[in-house]
Amino acid sequence: MTYPPASGPPDPYQPVQPPPYDPTMPYPPPYAPSSPAPSSGPGAYPPPPAGYGAPPPAYGQQPPAYGPPPGYPPPPDKSPFGQPPPGYGVPYPPYGAAQRTNGLAIASLVCSIAGVLTCISAPVGVILGHVAKKQIRETGEDGDGLATAGLWVGYILSALGLLAIIFYVVVIIAAIGSGAANSSSF
């Protein structure tokens, strides 16, 4: 008796046997046959392109230039913004250089945000924001949103700083007034 029995499942530790060769298949089977692939006939592979397997060009030498495939005309020499082929409409204009952002708009936002720590640079940010908005209207630069944000943050922090100063002055005056009233009662 053999183990496992011939009618049972195959042994998973044995190599898989390839199916028998079928001559009706147009190409070689997906497994590696024991005989080499035919060099001509219905099951033959096309020959490799010229230069396949050749060593790369030496350092400093250019590889050979590739032209159009055989049987096709060379591409037309046109500038990228020349006349489009018929039926394609008008091409888009070329992209211009990126527009500059106004430096005072950036400085306005930075000074306004720094007003949280310094309490004096928020009004400077407001002034820079107004100057930046004027320059942006005249020159057409980018940065209008930055200048607007610098103005908002600067105005809010300036108002909060002004309220804090008024609060401290009132507290100091109240402390001096109550201290003077206490000292005169002796």
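The numbers here are math on the coordinates, done by the rules we state, and not lab data. The model shown is predicted, which means the values in this text are computed figures rather than measured ones. In this analysis, Cβ positions are derived from the backbone assuming ideal geometry, glycine residues included, and neighbour counts consider all displayed protein chains.
Within the stretch 109-133, find all residues whose amide N lies under 19 Å from a label point positioned 7 Å from the Cα of TRP152 along Cα-to-beta-carbon.
109-116, 122-133
Can you work out the FRET efficiency for the pair ALA164 and VAL131, with r the C-beta to C-beta distance and R0 = 22 Å, to the nearest 0.05? Present the calculation step by step, with values, prior to reporting the outcome.
Working: r = 26 Å, r/R0 = 1.19.
The formula returns an efficiency of 0.25 here.
I'd like to know how the stretch 103-179 sits against the 2.2 N^0.38 Å rule of thumb: what's its Cα Rg over that expected value?
Compared with the compact-globule rule of thumb, the stretch 103-179 sits at 1.40.
Based on other C-beta atoms within 10 Å, arrange CYS111, CYS119 from fewest to most.
Least crowded to most crowded, the residues run CYS119, CYS111.
Please give me the summed charge of the neighbours of ILE136: other residues whose Cβ is under 13 Å from its Cβ, Lys and Arg +1, Asp and Glu -1.
0
Stretched out fully, how many nm does the piece from ILE172 to ALA58 gain, at 0.36 nm a residue minus the Cα gap?
32.5 nm
Report the net charge of residues surrounding LEU104, where surrounding means a beta-carbon distance below 11 angstrom and charges are Lys +1, Arg +1, Asp -1, Glu -1.
Values: positive: LYS133, LYS134; negative: GLU141.
That sum, taken over residues with Cβ under 11 Å, equals +1.
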